[in-house]
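The values are calculated or read from the model by the stated rules, or taken from the named source; none is laboratory data. None of the values given here were measured: they were computed from a predicted structure. All Cβ positions, glycine included, derive from the backbone under ideal geometry; neighbour counts span all protein chains shown.
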Amino acid sequence: MRDFDVSAAELSSTLLDWYDRHARQMPWRVGPAERAAGVRPDPYRIWLSEVMLQQTTVAAVKDYFERFTRRWPTVLDLAAAPDAEVMGEWAGLGYYARARNLLKCARVVAEELGGVFPNSYEGLIALPGVGPYTAAAIASIAFDLPETVLDGNVERVMARLHDEHAPLPAVKPVLKDHAATLTPTLRPGDYAQAVMDLGATICTPKSPACGICPWREPCRARLNGTTPELPKKTPKKAKPTRLGFVYLAQSADGDWLLERRPEKGLLGGMLGWPGSDWSEAPTETPPFTADWQDLGGEVRHTFTHFHLILQVRIAPLPKGYNASEGQEILSRAAFRPSDLPTVMRKAYDLARDQMP
């Protein structure tokens, strides 16, 4: 922090003062006043929120978090939950490997650690699905350890504070060093949440509110007029487009034919419609021989690494049809479109009005 007239300790103290007045209220968070009064965060709730927040917004996560914690209030409850029920509650939140790792982690904590989360970075990062950022966040927020938390918000704040013009992701180690210098030993959990709040509410990607920022005076990007262009990023390669087919079959009684996707891979462990491979030239593979009708429309969905376009086919499910391996027949009462992953729910929405 030699570039600044104020010390790292002063910067951290200024941000904590700001956080004490402006901390966001979240269902998993213990606010600064509560922490000062001796209330400590529940590591289970911090872990669950951090897993849900990976590559997802706070607004999208809140309802999921509240449903999860009402249904499974402790890690022991979650560890004992059937996989299908957890995957169903996760449906729509995306990045489904997180849900599979959520269950693996809960079961390790329940079965091997007596239901108690490790209170060190080293112990946390050894858990399934817990990477460097998540381990640092839990260690800091739940256990008040001075670990350096670096998410997208913190990267943006550090890049602007120091006017760093090297592009992400290569500049991450430099930004982490800057963040580590500012991480205090007193109230590190509150500080971690403060710097993330600063990026989420003040130092935003577009139209940052520099005039009310607690770090406006020492911010190098503001002084140099480079705030809007930071952080810089290495251009991403264009995503390829894959094609596929899905087949929706419903019986006269309202039963639906679905299939459980393999545990490993995209949408692993989720229920969805039978379908083809997803490729540049997919092969039609209907689950049974029938006069499959083309709906004429298409489902478009974007995953992390590719765009997907699905053609939707519909047909009546034969009376007495016996589901083959991997298939499941759900009654009208048991079927809930909300349990489907988003891309499969889009196919249902397209077909809904044209089914018998």
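Below, the figures for the structure above:
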item: Residue match in the range 287-310 (condition: of a type in the set (S, T, N, Q), surrounded by fewer than 16 Cβ atoms within 10 Å (Cβ to Cβ) and within 27 Å of residue 90 (Cβ to Cβ)); result: yes
item: Matching residues, the range 266-284, being part of a loop (DSSP other than H, G, I, E, B), closer than 18 Å to residue 304 by Cβ and either touching a strand residue (DSSP E or B) at 6+ places or on another chain (Cβ under 9 Å) or not assigned by TED's automatic domain parsing to the domain that holds residue 305 (or both); result: 269, 270, 278
item: Complete set of residues in the range 64-87 that are surrounded by fewer than 18 Cβ atoms within 10 Å (Cβ to Cβ) and either in the same structural domain as residue 259 (by TED's automatic domain parsing) or in contact (Cβ under 8 Å) with a residue 40 or more places away in the chain (or both); result: 74, 83, 84
item: Considering residues of the range 251-264 that are surrounded by fewer than 20 Cβ atoms within 10 Å (Cβ to Cβ) and in contact with a helix residue (DSSP H, G or I) (Cβ under 9 Å, 6 or more places away or on another chain) only, the residue farthest from residue 352 (Cα to Cα); result: 264
item: Residue, farthest from residue 255 (Cα to Cα), within the range 311-346, restricted to residues that are buried (at least 16 other Cβ atoms within 10 Å of the Cβ) and touching a helix residue (DSSP H, G or I) at 6+ places or on another chain (Cβ under 6 Å); result: 312
item: Wholly enclosed helices (runs of 4 or more DSSP H) of the range 1-63 bearing at least 3 residues surrounded by fewer than 16 Cβ atoms within 10 Å (Cβ to Cβ) and not assigned by TED's automatic domain parsing to the domain that holds residue 304; result: 8-22, 32-36
item: Residue in the range 241-256 that is of a type outside the set (Ser, Thr, Tyr) and farther than 30 Å from residue 298 by Cα present; result: no
item: Unique match (being β-branched (Val, Ile, Thr), touching a residue at least 40 places away in the same chain (Cβ under 8 Å) and in contact with a helix residue (DSSP H, G or I) (Cβ under 9 Å, 6 or more places away or on another chain)) among 108, 174, 154; result: 154
item: Looking only at the range 23-58, and only at residues there that are hydroxyl-bearing (Ser, Thr, Tyr) and at pLDDT 95 or above, the one that is farthest from residue 152 (Cα to Cα); result: 44
item: Residue in the range 82-90 that is among the aliphatic types (A, V, I, L, M) and either over 30 Å from residue 341 (Cβ atoms) or modelled with pLDDT of 95 or more (or both) present; result: no
item: Pairs where the first residue, in the range 224-235, is aliphatic (A, V, I, L, M) and the second is in a loop (DSSP other than H, G, I, E, B), C-beta under 8 Å, 6+ apart; result: 230/163; 230/164; 230/165
